[in-house]
Amino acid sequence: MSPISPAELTARLGRWSAGRGPLYLLLAGRLRALIDDGELPPGTALPTDRALAGGLSAGRTTVVAAYDLLRQEGRLVRRQGSGTWVAGAEAGPLNATEPTVNPVFLHLLDPPDHVAQLACAGPTGAPPAVIAAYRAALGSLGGPDLGYHPAGHPRLRAALAARYTERGVPTTASQILITTGGQQGLSLLARALIAPGAEVVVQAPTYPGALEVFRESAAALRPVRNTIEEYAGELSRRPALAYLIALCHNPTGRSLPSPVRREIVLAALAAGVPLVVDDVLAELTFPTTGTARPSVPMAALAPEADELITVGSLSKLVWGGLRIGWVRAQPALIGRLARLKAVIDLGSGVLDQLAAVELLADLDELIAGRAGVLAAQHDHLCAELRRYLPDWEFGPVDGGQTLWVRLPHGDAASYAQAALRRGIAVLPGGSLDPSGGSADFLRIPFVVEPAALSAAVKAMAEAWCGFAGRVAGNPPPLPAIAV
């Protein structure tokens with residue numbers, strides 16, 4: 001049978017080399033855990049020594065020694081000329097219901113350690129305004145309220161509707177669904193609009209969380225670059241939906257010009273295709289770019305159209321621990337999504353929603369402050385990269401939280417493994433690009449303070465020096481039998 005690919009196994013291994021001790025023991029330990037937890041079921045064929053070593057940016061002897069140790073433990077079977085597979089059954093088809101192997105989620109699932117987390121992007125702590133908002137929300141609890149609000153607490157739905165209306169998008173509370181973060185909003189939309197095998201248009205690259213949602217729905221992804229011609233062509237095929245990050249794009253940080261945004265909306269309306277606009281980062285435009293923060297959301301282009309759907313969230317604007325997101329759409333779809341959400345969790349937490357109401361009163365001020373901080377950290381990261389890694393390619397961005405960096409040579413997934421051994425977790429671009437491209441790109445966030453960014457860049461530069469030459473492991477001598 002065809003083995004699990006080196007790239008997929010590398011992703012599942014996660015931060016395998018972040019501990020202390022010989023690399024072959026660290027690798028064997030992580031493989032052992034995957035086998036014992038059932039993520040590598042009996043019969044799973046593993047990559048060859050050489051192929052996995054290339055994916056891990058490690059020496060071949062590291063892989064051979066790890067495999068041999070697990071063979072001695074009875075967890076692996078290795079036969080000359082036949083390959084290596086998990087013991088317990090003859091090689092057979094892989095489990096069809098495997099968990100996600102996307103590095104973003106795997107890094108979140110790993111316990112905190114000494115690794116600097118540059119694989120995930122978001123505010124690194126709750127600002128004082130969040131603490132004050134929760135205190136105010138506690139004071140507003142009480143009175144007759146069952147506490148279950150599948151569509152969202154009436155106060156928060158009304159507050160968000162008023163905010164949209166003030167920004168030029170007439171909106172009623174019936175057009176707002178409150179979700180547990182923007183990620184749940186995408187999940188609900190996928191469940192409502194995507195049948196297995198249906199086509200979904202996405203940007204290449206794009207937000208990895210959306211890709212995981214669509215893949216979980218068994219969608220056929222149709223990647224496009226940001227051109228009107230590509231969008232028009234794909235929308236004419238009448239896919240189940242199109243997903244768009246138009247402003248402060250994740251991961252590139254770029255924003256589509258207003259005429260391009262308008263043409264994409266018109267193409268979706270003409271084709272009758274639901275266009276899901278991810279506005280989670282849209283308001284984080286930098287004040288230094290010369291482009292004013294967009295005062296009117298894309299929803300203003302067709303505020304009453306069934307096809308135009310907006311997803312928003314406070315997680316990137318304020319703090320990720322405040323799991324409040326929303327979907328703006330027409331009442332019929334909102335009602336359908338609310339019924340789905342009722343089955344999943346009966347509604348998001350009331351205290352969180354009431355705290356969000358408090359934050360909305362001063363949200364513009366909070367966003368302006370955060371955008372200013374991000375702009376300064378962006379400039380610092382760019383300066384440090386130019387100083388320590390002058391051959392890496394990137395350009396300044398319009399806003400958001402991440403820089404899209406191209407390596408001059410080599411595979412970014414393998415480099416990420418080398419960086420991990422220097423205590424830095426970075427996200428390779430291939431995991432964000434459904435077209436199969438971007439393998440030589442890294443997404444680097446600038447959400448931490450300048451001193452931490454400087455330390456991270458220095459560590460990445462040390463990893464690059466080793467990666468550009470040869471990264472050697474420290475296993476024992478090569479066993480006599482190598483497969």
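The values are calculated or read from the model by the stated rules, or taken from the named source; none is laboratory data. These figures come from a predicted structure and were not determined experimentally. Cβ sites come from the backbone with ideal geometry, for glycine too, and all protein chains shown count toward neighbours. SASA here: full protein model, heavy atoms, side chains in, ligands and nucleic acids out. Shrake-Rupley method; radii C 1.70, N 1.55, O 1.52, S 1.80 Å.
For ARG222, nonlocal amide neighbours, meaning residues 5 or more places apart or on other chains whose placed amide H falls under 5 Å from its own, are VAL200, VAL201, VAL202.
Can you pull the percent of the chain's accessible area that's carbon plus sulfur, 1.4 Å probe, other chains left in place? Could the numbers behind the result be given before it?
Values: 10890 of 19520 Å².
Of all accessible area on the chain, carbon and sulfur atoms account for 56 percent.
Kindly work out what percent of the DSSP beta bridges joining two residues of the chain are antiparallel, to the nearest 5. If you can, show how the numbers build up before the last one.
Values: 23 of 40 bridges.
Around 60 percent of the beta bridges assigned by DSSP in the chain are antiparallel ones.
Amide H contacts of GLY83 (H built 1.01 Å from N, in plane; Pro and chain starts excluded): no residue 5 or more places away or on another chain comes under 5 Å.
Would you report the distance distribution of C-alpha pairs in the stretch 19-74 as whole percents per 5 angstrom bin, up to the bin with the largest distance? Values per bin, smallest distances first: 4, 20, 29, 29, 15, 3, 0. Scanning residues 5 or more positions from LEU40 or on other chains, those with amide H under 5 Å from its amide H are ILE35, with H placed 1.01 Å from N in the peptide plane. A run of the chain free of exposed loop cleavage sites, with trypsin sites (Lys or Arg not before Pro) counted only in DSSP states other than H, G, I, E and B and at most 14 other beta carbons within 10 Å, reaches its longest extent at 238-469. Can you give the Rg to Rh ratio for the stretch 168-316, taking only C-alpha atoms and Rh from Kirkwood? Using only Cα positions, Rg/Rh for the stretch 168-316 is 0.93.
May I ask you to give the solvent-accessible area per residue for the chain, in square angstrom, as obtained with a 1.4 angstrom probe?
Details: 19520 Å² over 483 residues.
Ligands and nucleic acids excluded, the result is 40 Å² per residue.
3J(HN,Hα) couplings calculated from phi for the stretch 414-425 with the Karplus curve 6.51 cos²θ - 1.76 cosθ + 1.60 (θ = phi - 60°) are, in sequence order, 5, 4, 4, 5, 5, 5, 4, 6, 9, x, 10, 9 Hz; Gly and Pro show x.
Using R0 = 45 Å, the C-beta based FRET efficiency linking SER454 and GLN80 works out to 0.35.
Our coupling estimate for the stretch 374-386, obtained by passing each phi through the Karplus curve with A = 6.51, B = -1.76, C = 1.60 and θ = phi - 60°, is 4, 4, 5, 5, 4, 4, 5, 4, 4, 5, 5, 5, 5 Hz, Gly and Pro reported as x. Each label was represented as a point 7 Å from its Cα along the Cα-to-Cβ direction; for ARG237 and ASP37 these points are 3.5 nm apart.
Taking 0.36 nm per residue of separation and subtracting the Cα-Cα distance, full extension of the segment from ALA300 to GLU393 would add 29.9 nm.
Distance between the 7 Å Cα→Cβ label points at LEU340 and HIS409: 4.7 nm. For the chain, the fraction of C-alpha pairs farther apart than 38 angstrom is 30 percent.
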